[in-house]
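Single-structure report; data block below.
Any read-out appearing in this document is the output of simple, stated calculations on the displayed coordinates, not a laboratory observation. All values reported here derive from a predicted model rather than from experimental measurement. No Cβ is skipped: glycine too gets one built from the backbone with ideal geometry, and neighbour counts run over all protein chains shown.
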Amino acid sequence: MEYVVLGLLILKSQTLYELNKAFQQGIALFYSASYGSLQTALKKLVNQGNIEFEEQVDQGRNKKVYCITDKGRETFIEWMGAELPASRLESTALSKVFFLGLIDGSENKQAIIRKIIEQIQRAVAELQEMDEAYRKLEVQAPYQEIFSYQIKTLDYGIQSHTYARNWFEELLTELERIEAGIGPQPNKEKWNLD
């Protein structure tokens, strides 16, 4: 979660309330965070020197406005290029895509997506090996129905990872086409990004 907070603070300095709102309005689709977990993340980031805050008074209320430090920017960039944890593969991969626009250069963006694809492919291969091994097991009659549904969850994992790999491969192709000047460029006017 700390890296998602860093990404949000690269976009703009924010209060805890604003960060919480940012999670609720978009990031929560793939990464959930409670108010308390955000407070914990902010304290950790301040202690690490990745962010700092300025206390301000707004309509008679004290508030802390958090901003990223140079060290925090470096930490964020390192995370964007780092391996993804297998246990949080999907949410971390989507978090990186969410912030991909903060990365300079098409080649750097492509390298991040390639690394994600490699990790997803490894996960698919591991799940397929597990599936093959489980299907060879001899399951006693009273447990066959239970086991069949357990295998269904494994099948879901294989299919969802396969879909994710295909989706990221399409994104990579899109980035390669943009770099080659043969794909559509991001439409800044459509999103009022200037």
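In this rough spin-label picture, where each label sits 7 Å from Cα along the Cβ direction, the Gln56-Glu18 distance is 0.6 nm. With contacts taken as Cα pairs under 8 Å at a separation of at least 6 residues, the chain carries a relative contact order of 18 percent.
Length available on full extension from Thr40 to Ala28: 0.36 nm per residue minus the Cα-Cα distance, which gives 2.6 nm. Compared with the direct C-alpha span, the chain from Asn166 to Ser87 gains 26.5 nm at full extension, assuming 0.36 nm per residue. Classification of segment 2-81 by its C-alpha gyration tensor yields an oblate form. The axis ratio a/c (a ≥ b ≥ c) is 1.5 or more, and b/c is at least a/b. Segment 36-59 and segment 103-164 have Cα centres lying 38 Å from one another.
Pull out a ≥ b ≥ c, the square roots of the eigenvalues of the alpha-carbon gyration tensor of the chain, then state rounded if a/c is under 1.5, prolate if not and a/b is larger than b/c, and oblate in the remaining case. Taking the square roots of the gyration eigenvalues as a ≥ b ≥ c, the chain is oblate. For Thr15, the amide hydrogen comes within under 5 Å of the amide hydrogens of Tyr66, counting only partners 5 or more places away or on other chains and with H modelled in the peptide plane.
With the charge dipole of segment 2-81 set up from +1 on Lys and Arg Cβ and -1 on Asp and Glu Cβ about the Cα centre, the Cα lying farthest toward the positive end among the listed residues Leu42, Gln56, Asn20 is that of Asn20. The charge dipole of segment 86-184, taken about its Cα centre with unit charges on the Cβ of Lys, Arg, Asp and Glu (plus for the first two, minus for the last two), comes to roughly 180 debye.
Pairs exceeding a 29 Å alpha-carbon distance, out of Lys115/Lys136; Lys64/Lys96; Lys12/Lys43; Lys21/Lys109; Lys21/Lys44; Lys71/Lys109: Lys115/Lys136. Working note: Karplus 6.51/-1.76/1.60 with θ = phi - 60° gives segment 11-23 the couplings 5, 5, 5, 8, 7, 4, 4, 5, 5, 4, 5, 4, 5 Hz, where Gly and Pro are set to x. In the chain, helical runs assigned H by DSSP with n ≥ 4 each contribute -39500 (n - 2.57); averaged across all residues and rounded to the nearest 500, the mean residue ellipticity at 222 nm is -21500 deg cm²/dmol. Fully extending the segment from Tyr149 to Ile178, taken as 0.36 nm per residue of separation minus the present Cα-Cα distance, adds 6.1 nm. For segment 48-61, putting each phi into the Karplus relation 6.51 cos²θ - 1.76 cosθ + 1.60 with θ = phi - 60° gives couplings of 7, x, 7, 9, 9, 9, 10, 8, 10, 10, 10, 6, x, 10 Hz, in residue order, rounded to whole numbers and with x for Gly and Pro.
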